Amino acid sequence: DKGGWSSFMAKEVSEEPEAVANTVLGRVQDGQIVIPELDGLDGLFQGVSRVIVLACGTAYYAGLVGKYAIEQWARIPVDVELAHEFRYRDPIVGPETLVVSISQSGETMDTLMAVKEAARLGAKTLSICNTQGATIPRESDAIVYTHAGPEVAVASTKAFVAQITALYLLALHVGRVRGALSAEVAGAAIAELEALPEKIRWILENEQERIEQLSRWMSDTRSVLFLGRHVGYPIALEGALKLKELSYIHAEGFAAGELKHGPIALIEPGQPVFVMVPSPRQGATLHAKVISNIEEIRARGARVIAVAEEGDAAVLPFADEVLRVPLAAPLFEPILAVVPLHIFAMGLATAKGLDVDQPRNLAKSVTVE
Ligand code: BG6
């Protein structure tokens, strides 16, 4: 039931605040992370010297974001791999490896087979999943459920923000269990997590209409590029994936620092480029570097659409459009910055008269390899 919305996707994007809130719900007690599903499983995180995150599609990009949080809070090195690539390269894993799989459906065959292979090689397996009782969680040693609610539209939106949220909860939990993280830092992160739903709601209430208008203006666009740095980089990749899935136009995401090593050759007058601008508080250097990337592409005629923190005045002279997101601590920016990109992709596909719930050639859950 679309509940009065024009599409399941429109409904699901509107549910992004609840997807985050419900994933946090019941997992914070007295300022501490408590994940009931992991009760009695602390041993799973002892002796782990490496984490490998496995997933496909949008879930893979959630994993790329999760890497920053796990490394920062749990101080364990993390590799993020496409599940179908992992399985066929004779991976080096063993009991000191924790394999974290991410899957909305819990049925993606590529991810399932990779998890089975990891388990066969002796790795510990934990699955992040949105579907109770699905196959991947059943094959795993531990489960952390996302509580995004059923997702019907083929392209994932609310499950994506819930996946990042679950990865953050996991990172904080593991950091605490292993003594790598102070209660104070964990407490500040929990407060940030709890503040996210209201901030996503702010974007939906204050920016959605303007973004939809922008997507209508751009409905004839043939190609869109997305740039980001640090946690903004996986969001650039997700923004590009969502746009190609829904609107069938060429879209590519790049690490902003990589621009001068190749992608800048693509910039010609009128080329639209979304730029994820990190908060100036993330470190002046990172912010300044992205601003200078914007200057480089602007000088070559790019049309810059910046996704930037509300109040970041430095970006204004350089961008053709600024999509605003509320202030958040640096690691939490991706959960906000992705929302305008979801709205944009949905808006552009709608403007082209396409079915956003059922894009051509795609299936919600791919149960073949
Ligand atoms: C794809 C879907 O086939 O599978 C994507 O179209 C999704 O939206 C990907 O991200 C992974 O699915 P899941 O269920 O494993 O998260």
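The values are calculated or read from the model by the stated rules, or taken from the named source; none is laboratory data. As the structure is a computational prediction, the values presented were derived from the model and not from experiment. Ideal geometry is used to build each Cβ from the backbone, glycine not excepted, and the neighbour counts take in all protein chains shown. Keep in mind that these areas ignore ligands, DNA and RNA; they rest on the heavy atoms of the full protein, side chains included. Shrake-Rupley method; radii C 1.70, N 1.55, O 1.52, S 1.80 Å.
Here are a few things to note about the model shown:
- Test: residue in segment 173-186 that is touching a Gly at 6+ places or on another chain (Cβ under 9 Å), open to solvent by less than 20 Å² (accessible area, probe 1.4 Å) and closer than 21 Å to ILE33 by Cβ: yes
- Cβ-Cβ under 9 Å pairs, at least 6 apart or on other chains, segment 190-210 side over 30 Å from LEU172 (Cα atoms), far side of a type in the set (Lys, Arg): ASN206/ARG324; GLU207/ARG324
- In the set (1) under 25 Å from PHE8 (Cβ atoms); (2) open to solvent by 10 Å² or more (accessible area, probe 1.4 Å); (3) within 16 Å of the ligand (Cβ to nearest atom), the condition left unmet by TRP202 is number (3).
- For segment 75-130, the set of residues classified as open to solvent by less than 50 Å² (accessible area, probe 1.4 Å), touching a residue at least 60 places away in the same chain (Cβ under 8 Å), assigned to a loop (DSSP other than H, G, I, E, B) and farther than 15 Å from TYR60 by Cβ consists of ILE76, ALA123, listed by residue number.
- Output for segment 134-173, where each listed residue is without any contact (Cβ under 8 Å) to a residue 60 or more places away in the chain and assigned to a helix (DSSP H, G or I): THR135, ILE136, PRO137, ARG138
- Which listed residue, of THR111, THR97, THR58, is among the β-branched types (Val, Ile, Thr), modelled with pLDDT of 95 or more and within 14 Å of the chain's Cα centre (by Cα): THR58
- Taken over segment 89-120, the criterion of being among the acidic types (Asp, Glu) and away from the ligand (no atom under 15 Å from the Cβ) is satisfied by ASP90, GLU96, GLU117.
- Test: residue in segment 46-56 that is crowded, with 21+ Cβ neighbours inside 10 Å and part of a helix (DSSP H, G or I): no
- Lone unmet requirement of (1) open to solvent by 10 Å² or more (accessible area, probe 1.4 Å); (2) of a type in the set (D, E, K, R); (3) closer than 18 Å to GLY347 by Cα for GLU238: (1)
- Taking the criterion of being in contact with a strand residue (DSSP E or B) (Cβ under 7 Å, 6 or more places away or on another chain) and within 14 Å of LEU331 (Cα to Cα), the residues of segment 153-177 that qualify are ALA166, LEU167, LEU169, LEU172.
Conditions tested, residue by residue: (1) closer than 22 Å to LEU169 by Cα; (2) of a type in the set (A, V, I, L, M, F, W, C); (3) away from the ligand (no atom under 14 Å from the Cβ).
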site	(1), (2), (3)
GLU15	yes, no, yes
ALA19	yes, yes, no
ILE33	yes, yes, yes
VAL48	yes, yes, yes
TRP73	yes, yes, yes
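- Exactly one residue out of ALA148, ALA134, ALA123, ALA69 is within 28 Å of PRO197 (Cα to Cα) and more than 13 Å from the ligand (Cβ to nearest atom), and it is ALA69.
- Being within 20 Å of ALA10 (Cα to Cα) and aliphatic (A, V, I, L, M) holds for only one residue in ILE294, ILE267, ILE335, ILE305, and it is ILE335.
- The one condition in (1) in contact with a Phe, Trp or Tyr (Cβ under 6 Å, 6 or more places away or on another chain); (2) over 18 Å from LEU38 (Cβ atoms) that THR131 fails to fulfil: (1)
- Pick from segment 143-153, criterion in contact with a helix residue (DSSP H, G or I) (Cβ under 6 Å, 6 or more places away or on another chain) and within 17 Å of VAL34 (Cβ to Cβ), ranking: surrounded by the fewest Cβ atoms within 10 Å (Cβ to Cβ): HIS147
- Against the test of being under 23 Å from THR165 (Cα atoms) and surrounded by 22 or more Cβ atoms within 10 Å (Cβ to Cβ), the options ALA308, ALA329 yield a single qualifying residue, ALA308.
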